[in-house]
Amino acid sequence: MKKWYVDQGPDSDVVMSCRIRLARNFAGFPYPHGSTPEIRREVMDRTVAALMHGNGGLFLQFRFIDFTRLPSVERQVLVEKHLVSKELAESKIECGVIINDSENISIMINEEDHLRIQCLGAGLQLEELWTLADRIDSFLSESIDFAYDNKFGYLTCCPTNIGTAIRASAMLHLPALVMTGYIKGILESITKLGVAVRGMFGENTETTGNVFQISNQVTLGRTEHDIVTGVRSLSNQIVGQERELRKELLAQNGIRLVDRIHRSYGVLRNARIISADETLQKLSDVRLGVNLGLLPGIDETRLNALMLDIQPGNIQQKLGRALRPDDRDATRASLVREVMQMQDL
Amino acid sequence: MPICQICSQREASLFITRNLNGQKTQVSVCRQCAAESGIVKIDLNKLLAGLAAFTHAQDEEEEKNVEACQGCGMTLAEFNTTGRMGCSQCYGTFAEPMEHLLTRIHGHARHIGKHPGQTEAEESALPGDLERLKSELICAIAEEAYEKAADLRDRIRELERRREART
C-alpha cells in the first residue's frame with residue numbers, strides 16, 4: 001500500500017503535508033506521567049482492545065507497537081515519519097503507538113495524554129483529516145469513557161490543549177518567501193492571529209530547508225470546524241503569496257534563481273559526504289526547481305521519499321546497523337546521488 | 001541588525017536586560033547561543049505556571065495552595081512548578097483559578113465543540129449554547145464590553161449558520 005508521505009496531495013507545490021491531532025484521556029485515571037505502571041499498561045491494553053478487537057466499525061487494519069521493547073533506532077524512524085513525537089520516542093514509561101497500514105493514522109498511547117489521535121495527509125486536506133479523526137474518536141468513545149467536562153470540554157494534561165483538544169497543522173515549503181525576506185513579516189502576523197510556527201519536527205525544533213509548520217494555538221471556545229478551516233484558509237493565503245513570489249523571482253531574477261537551483265542539483269548529484277541539514281537545504285532548491293518546471297525529469301514524490309530516507313534513523317534502519325556520523329554522511333551522499341542520477345535530464 | 005555577542009556570527013534575536021548589583025547591562029544574543037549558554041530558558045511549563053501563580057496572587061486565597069486534588073493529590077503549588085495537571089479531577093478541584101488561566105490562554109473558558117457520544121445529527125446544533133451565548137451577548141453590550149460582544153456575535157453567527165446548514 002502506498003504510504004501517505006510519498007503521495008501527492010492538493011496544493012503540494014507548497015504544502016508538503018498536514019495533520020490533525022486530538023488529545024483524549026481516560027476518565028478516572030491519572031495522567032501518564034503521574035500514573036502507575038499497572039494503570040499505564042491498562043490504558044494501552046484497553047485502547048488496543050477497543051481498536052483491534054472492536055467489531056470492525058472502522059474497516060481499517062491496525063498494528064500495535066509496544067515501545068517498552070523497541071530499540072531506539074526504530075523509535076527514531078517513527079519520529080522521522082512524523083508518526084510519533086520526539087517526547088514519545090524518548091519516553092521511559094510504558095507507552096506505544098497504534099498505526100494503520102498506510103501509516104496515515106497513528107494513535108500515541110501514554111505520551112503527555114493517554115491518547116493522541118493523529119491523522120496525516122499529503123498536501124492540504126485538513127477538513128478531510130478532521131472527518132477521519134472525528135470518526136476514530138467517536139468509534140473509540142463507544143468503548144472508552146473519555147474525560148470530559150460540560151464547561152471545559154475534553155480535559156487534557158496541559159491546559160493549553162483543553163476543550164476541543166484539537167491541533168490542526170500544515171507543513172509549508174516557503175523558499176521564495178524566505179529568499180525575499182517577506183517571511184519575517186508573515187511569521188509575525190501569523191503569530192498575532194493565534195497561530196504558532198514551528199520547525200519540521202514540532203515543538204522546540206529548528207526550521208530547516210525552508211520548511212515551516214503552522215498550527216492553531218487556541219483549542220477552547222471555538223468549534224473544531226472553526227479551528228480547522230481557520231488553519232486551512234490561512235495556509236491557502238500563504239500558498240497564494242508563495243506562488244506569486246516564485247513567479248516574480250523567476251521573472252525578475254531568472255538566471256540567478258535558475259543558477260542556484262542547478263548548483264544545488266549539482267551538489268546533490270555529486271557530493272561524497274553530506275549532512276542531513278545540507279541535504280535538506282539543497283533539496284529545498286531542487287524542489288523549487290521541480291515546482292517551477294526547471295527540472296522536468298524529477299518526480300516530486302521521489303523527493304518526498306528522499307527527505308525521509310536521508311534522516312539519521314531511516315539511514316541506519318535501511319542498512320540494518322548503527323553508523324558513526326561520518327559514515328552516515330557518506331552513506332547519505334551515495335543514497336542521494338543514486339536518486340538524483342536516476343532522473344535522466 | 002545587531003550581531004550575537006557570544007558567537008559574533010549570527011544575527012541577534014534576543015535582547016536581554018540584566019540587572020547585576022544594580023547595574024543594568026544589555027546583552028544581544030542569537031537564539032542558538034541563548035539556548036546553549038542557558039542565559040534564557042523559555043519553558044512553556046514555567047510560563048503557564050507563572051500565569052496561574054499570578055492569578056493566584058490576585059485572589060489572595062492562601063489556603064488554595066495547600067488544597068489537594070482528591071483524584072491524584074496534586075496541589076496548586078505543584079501545578080505552579082510543573083504547569084501540568086495530575087488528573088482530570090484537578091480541573092474540578094481548582095475550577096476557579098483554572099477558569100482564569102484558561103481565559104488568559106484561550107480567550108474563552110467555555111467549550112463549544114464536540115462532546116462524547118455526539119451523533120452526526122446533533123453535531124454542532126447545541127441549542128443550549130446558542131441561548132447562553134445570546135444572553136451573554138446582551139450582558140456584554142449592557143456592560144459596553146464591545147470586543148467581547150463582537151466575539152460573541154461571531155460565535156452566535158457560526159452556530160446559527162451550522163444549524164441552518166443542518167435543516
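The values are calculated or read from the model by the stated rules, or taken from the named source; none is laboratory data. Just so we're clear, the structure is a prediction, and the values are computed from it rather than from any experiment. Reconstructed Cβ throughout: ideal geometry from the backbone, glycine too, with neighbour counts over all protein chains shown.
Name every residue in the range A:261-287 that is of a type in the set (A, V, I, L, M), surrounded by 16 or more Cβ atoms within 10 Å (Cβ to Cβ) and either touching a residue at least 24 places away in the same chain (Cβ under 8 Å) or within 26 Å of A:L124 (Cβ to Cβ) (or both), in order of residue number.
Once the filter is applied, which keeps residues that are of a type in the set (A, V, I, L, M), surrounded by 16 or more Cβ atoms within 10 Å (Cβ to Cβ) and either touching a residue at least 24 places away in the same chain (Cβ under 8 Å) or within 26 Å of A:L124 (Cβ to Cβ) (or both), the range A:261-287 yields A:I261, A:L268, A:A271, A:I274, A:A276, A:L280, A:L283, A:V286.
Taken together, A:T156, A:T191 contain a single residue that is of a type in the set (V, I, T) and within 12 Å of chain B (Cβ to nearest Cβ), which is A:T156.
Can you give me the ranges of the strands (runs of 3 or more DSSP E) entirely in the range A:57-153 with at least 2 residues that are within 14 Å of chain B (Cβ to nearest Cβ) and within 27 Å of A:R232 (Cα to Cα)?
Numbers: elements: A:62-66, A:96-100, A:105-109, A:115-122.
Ranges flagged: A:115-122.
Taking every residue in the range A:86-101 that is more than 19 Å from A:P312 (Cβ to Cβ) and in contact (Cβ under 8 Å) with a residue 24 or more places away in the chain and pairing it with any residue that is among the β-branched types (V, I, T) and surrounded by fewer than 22 Cβ atoms within 10 Å (Cβ to Cβ), at least 6 positions away or on another chain, the pairs with Cβ-Cβ distances below 8 Å are A:E94/A:T68; A:C95/A:T68; A:G96/A:I65; A:G96/A:T68; A:V97/A:I65; A:I98/A:V48; A:I98/A:I65; A:I99/A:I65. Taking the range A:248-294 as the range and being under 16 Å from A:P175 (Cα atoms) and part of a loop (DSSP other than H, G, I, E, B) as the test, the residues that pass are A:N253, A:L292, A:G293, A:L294.
Being at pLDDT 90 or above, assigned by TED's automatic domain parsing to the domain that holds A:A133 and within 22 Å of the chain's Cα centre (by Cα) narrows it down to one of A:A176, A:A147, so name that one.
Answer to the check: A:A176.
For the range A:159-175, name all the residues that are in a strand (DSSP E or B) and away from chain B (no Cβ under 14 Å).
Pass one, the range A:159-175, residues in a strand (DSSP E or B): A:163, A:166-173.
Result: A:S169, A:A170, A:M171, A:L172, A:H173.
Within the range A:218-233, if we keep just the residues that are at the interface with chain B (Cβ under 7 Å from one of its Cβ atoms) and in contact with a strand residue (DSSP E or B) (Cβ under 6 Å, 6 or more places away or on another chain), the residue that is nearest to B:G107 (Cα to Cα) turns out to be A:L220. Going by the structure shown, is A:G121 at positive phi and small (G, A, S)? So A:G121 does not fit the description; no. In a residue-by-residue description of the range A:176-186, the property of being more than 10 Å from chain B (Cβ to nearest Cβ), in contact (Cβ under 8 Å) with a residue 60 or more places away in the chain and not hydrophobic (A, V, I, L, M, F, W, C) applies to at least one position. Criterion applied to A:V43, A:V14, A:V97 was being closer than 30 Å to A:V286 by Cα and of a type outside the set (G, A, S), and the one residue passing it is A:V14.
Do we find a residue being farther than 26 Å from A:L83 by Cβ and surrounded by 16 or more Cβ atoms within 10 Å (Cβ to Cβ) anywhere in the range A:251-260? Within the range A:251-260, one or more residues are farther than 26 Å from A:L83 by Cβ and surrounded by 16 or more Cβ atoms within 10 Å (Cβ to Cβ). Of all residue pairs spaced 6 or more apart or on separate chains, none has beta-carbon atoms under 8 Å together with a first member in the range A:321-339 that is not assigned by TED's automatic domain parsing to the domain that holds A:S284 and modelled with pLDDT of 90 or more and a second member that is outside any helix (DSSP H, G or I) and of a type in the set (K, R). Taken over the range A:208-247, the criterion of being more than 15 Å from B:R155 (Cα to Cα) and without any contact (Cβ under 8 Å) to a residue 24 or more places away in the chain is satisfied by A:S233, A:Q237, A:G240, A:E244, A:K247.
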